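A.B. asks: Below is the structure I would like to discuss, written out as C-alpha cells.
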Amino acid sequence: MQSEAKDYDSWNEVKKKLQLGNDFPDRFPKEGEVWISSVGKNLGFEQNGIGNAFSRPVLVVKKFNNKMFWCIPLSTKQKPFDFYFNFADPDGLNVSGILAQLRLFSIKRLQRKLYTLDSDIFREIKTRLKDLLS
C-alpha cells in the first residue's frame, strides 16, 4: 500500500510539470493517430501509464480543437470483450483499444506520435464505439 501511495505522489509531480509546460504548438494530433501520452496513475481497473512519465499509447478518436481530444488507451493484451477492439498495429503487433475507457485529454499529455492507424480499422473502431455508447 505504501508503494502505491508513492506512485500517486510521483504521478502528481509529473502532472504538475505537465500543467506548467507550454501548450506545445508543434503537436497537432489528428483523428486516427496513435500517440504516447502521459495517462497517469489511475484508480481501480483504469489503464495506468508506465515508466517515469506514466505513459502509454492512446488512439485519438475525436479532436475538438488544437488543445483537447477524446482518446482511448491501447494495450498489448487482447481480450474477447465487447468493449475491447483487437487489431494489429503497423508492425504486426497485437494491440487492443479499450473502448470503455474513452476519455478527454489535453494536448499537454502528448509526448510523441507513433503511427497513423489504417483508415478501415479506425472506421471499425468508431463504429464499435458508437454501438457501445448507444
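We did not get these values from a lab; they are worked out from the coordinates using the rules stated. Every value quoted in this text rests on a predicted model; they were computed, and no experiment measured them. Cβ atoms come from the backbone with ideal geometry, glycine included; neighbour counts cover every protein chain shown.
A.B. asks: Using θ = phi - 60° and the Karplus form 6.51 cos²θ - 1.76 cosθ + 1.60, what ³J(HN,Hα) does each residue of the range 111-120 get, whole Hz, x for Gly and Pro?
C.D. replies: 10, 7, 6, 9, 6, 9, 6, 3, 4, 5
A.B. asks: Return the sequence-ordered ³J(HN,Hα) values of the range 121-134 in whole Hz as given by the Karplus equation 6.51 cos²θ - 1.76 cosθ + 1.60 applied to θ = phi - 60°, using x for Gly and Pro.
C.D. replies: Result, ordered by residue: 5, 4, 4, 4, 4, 5, 5, 5, 5, 4, 4, 5, 7, 8 Hz.
A.B. asks: Arrange the peptides 97-109, 69-81 so that the one whose residues have, on average, the most other Cβ atoms within 10 Å appears first.
C.D. replies: 97-109, 69-81
A.B. asks: Determine ³J(HN,Hα), in whole Hz, for all residues of the range 71-86 in sequence, where each value follows from phi through the Karplus function 6.51 cos²θ - 1.76 cosθ + 1.60 and θ = phi - 60°; x replaces Gly and Pro.
C.D. replies: 9, 10, x, 10, 9, 8, 8, 8, 9, x, 9, 4, 8, 10, 10, 8
A.B. asks: Above 19 Å lies some portion of the pair distances; for the range 2-133, what is it as a whole percent of all C-alpha pairs?
C.D. replies: So the pairs more than 19 Å apart make up 49 percent of the total in the range 2-133.
A.B. asks: In nm, to one decimal, how far is the modelled label at residue 115 from the one at residue 93, with both set 7 Å along Cα→Cβ?
C.D. replies: Distance between the two pseudo-spin positions: 0.9 nm.
A.B. asks: Roughly what would the spin-label model give for residue 126 and residue 64, points 7 Å off Cα along C-beta, in nm?
C.D. replies: Each label point is offset 7 Å from its Cα along the Cβ direction, giving 1.8 nm.
A.B. asks: Would you please put 30-40, 124-134 in order of how densely packed they are, using the mean number of other Cβ atoms within 10 angstrom per residue and starting with the highest?
C.D. replies: Ranking the peptides 30-40, 124-134 by packing returns 30-40, 124-134.
A.B. asks: Rank 118, 91, 82 by mean-square fluctuation in a GNM of the chain with C-alpha springs under 10 angstrom and give only the top-ranked residue.
C.D. replies: Maximum among the listed residues: 91.
A.B. asks: Now for a separate question. Grab the other residues whose beta carbon is less than 10 angstrom from that of residue 31, score K and R as +1, D and E as -1, and report the net.
C.D. replies: Here the charged neighbours net out to +3.
A.B. asks: What nm distance separates the two modelled labels at residue 78 and residue 52, each placed 7 Å from Cα along Cα→Cβ?
C.D. replies: Inter-label distance under the simple model: 3.4 nm.
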